[in-house]
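A short reminder: the numbers here are calculations on the coordinates, not readings from a lab. Not measured: the values here are computed from a predicted model. Note that each Cβ is placed from the backbone with ideal geometry, even for glycine, and that neighbours are counted across all protein chains shown.
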Amino acid sequence: MTDVLRFHFDVISPYAYLAWTQIHAVAERGGVTVEPVPVLFASLLEAHGTRGPAEVPAKRAYLIRDVARIAHRFGVPIVPPPAHPFNPLLALRLASLPLPGEQRRRLIDGLFTAAWADGTGVTDRDAVLRIAARAGLPADALARAEDPETKARLRQQCDRAIAEGIFGVPTSTVRGQMFFGCDSFPHLEDFLAGGDVVPPDLVARWADLPAGASRR
């Protein structure tokens, strides 16, 4: 059986968009299949007591330059959404619906394009409805995305990610290992090609290492 790479994402993240443009090629080269997992980035931040890059003024100022450089290297467009941060819940719930694999990929392609490649955004219901229609979803897709079952499914995805130690997006998990960010893709490819280069005793030593100082 082919191993599954779980790709955790939130459309609010430009880094998740950039990673999405590359992850399928990475997975194909590594002989694994991609399972997209929508999660609410804000839930991960809250669970781990951290803040998103756009919530730290210095990081927010740097972010767009970093994103533009990565987009240039990947050869993909980058256009900011109408506002950021924005509410991604409708898009995430829609992407959490049970869908055939190719249809889900088309939908997520459309959501990320609207969020980060053409400036449309994914908070307007009519815009999201058009994305869903282009992906071949039925007319009642948005209503299904807002029913209690779908909302619970997104919460469960977030809860599982938090339990697995996932703290941000994009995060890929495969064969028991986690790779955070699109800049981890070279390490992910090496791992898929030949296994982990990290010595287990180094990980164990780090886990047992005492803290020598702490911030108030």
* Asked: With θ set to phi - 60° and the Karplus curve 6.51 cos²θ - 1.76 cosθ + 1.60, what are the ³J(HN,Hα) couplings of the stretch 95-101 in order, to the nearest whole Hz, using x for Gly and Pro?
  -> 5, 8, 4, x, 9, x, x
* Calculate how steeply helix 125-134 sits against the longest principal axis of the alpha-carbon atoms of the chain, using the helix alpha-carbon long axis, and give the answer as 0 to 90 degrees to the nearest 10. => 90 degrees
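Once the Cβ-Cβ distance between residue 127 and residue 149 is put in as r, and R0 is 25 Å, what FRET efficiency do you end up with, to the nearest 0.05? Intermediate values should be presented prior to the final figure.
Values: r = 24 Å, r/R0 = 0.97.
FRET efficiency, residue 127 to residue 149: 0.55.
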* Asked: How much length is gained if the chain between residue 72 and residue 209 is pulled fully straight, taking 0.36 nm per residue apart and subtracting their Cα-Cα distance, in nm to one decimal?
  -> 45.3 nm
* Amide H contacts of residue 34 (H built 1.01 Å from N, under 5 Å, at least 5 apart or other chain) -> 5
* Positive-pole candidate from 80, 195, 41, dipole of the chain, charges at beta carbon -> 80
* Taking the inverse of the average 1/r across all pairs of different Cα atoms in the stretch 54-154, what Kirkwood radius in Å do you get? -> 14.6 Å
* To do: Scan around residue 117 for amide H atoms under 5 Å from its own, H built in the peptide plane at 1.01 Å from N, and keep only partners 5 or more places away or cross-chain.
  => 79
* What are the extents of the Cα atoms of the chain along their three principal axes, listed from largest to smallest and rounded to whole Å? -> 55, 46, 38
* Ratio of Rg to Rh for the stretch 153-216, alpha carbon only, Kirkwood? -> 1.05
* In whole Hz, with x marking every Gly and Pro, tabulate ³J(HN,Hα) for the stretch 75-84 from phi via Karplus 6.51 cos²θ - 1.76 cosθ + 1.60, θ = phi - 60°. => x, 10, x, 9, 9, x, x, x, 8, 7
* Structure fact -> P(r) of the stretch 1-112 over all Cα-Cα pairs, 5 Å bins starting at 0, rounded to whole percent, reads 2, 10, 19, 23, 21, 15, 8, 2, 0, 0
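Per 0.36 nm of contour for each residue apart, how much would the distance between residue 58 and residue 184 grow if the chain were fully extended, relative to their Cα-Cα spacing?
Extra length from residue 58 to residue 184 when fully extended: 43.1 nm.
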* Residue-wise, which Karplus ³J(HN,Hα) couplings in Hz belong to the stretch 178-185, taking 6.51 cos²θ - 1.76 cosθ + 1.60, θ = phi - 60°, and x for glycine or proline? -> 10, 10, 9, x, 6, 6, 8, 4
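Per the Kirkwood formula on distinct C-alpha pairs, the Rh of the stretch 133-187 is how many angstrom?
Values: mean 1/r = 0.0734 Å⁻¹.
After inverting the mean inverse Cα-Cα distance, the result is 13.6 Å.
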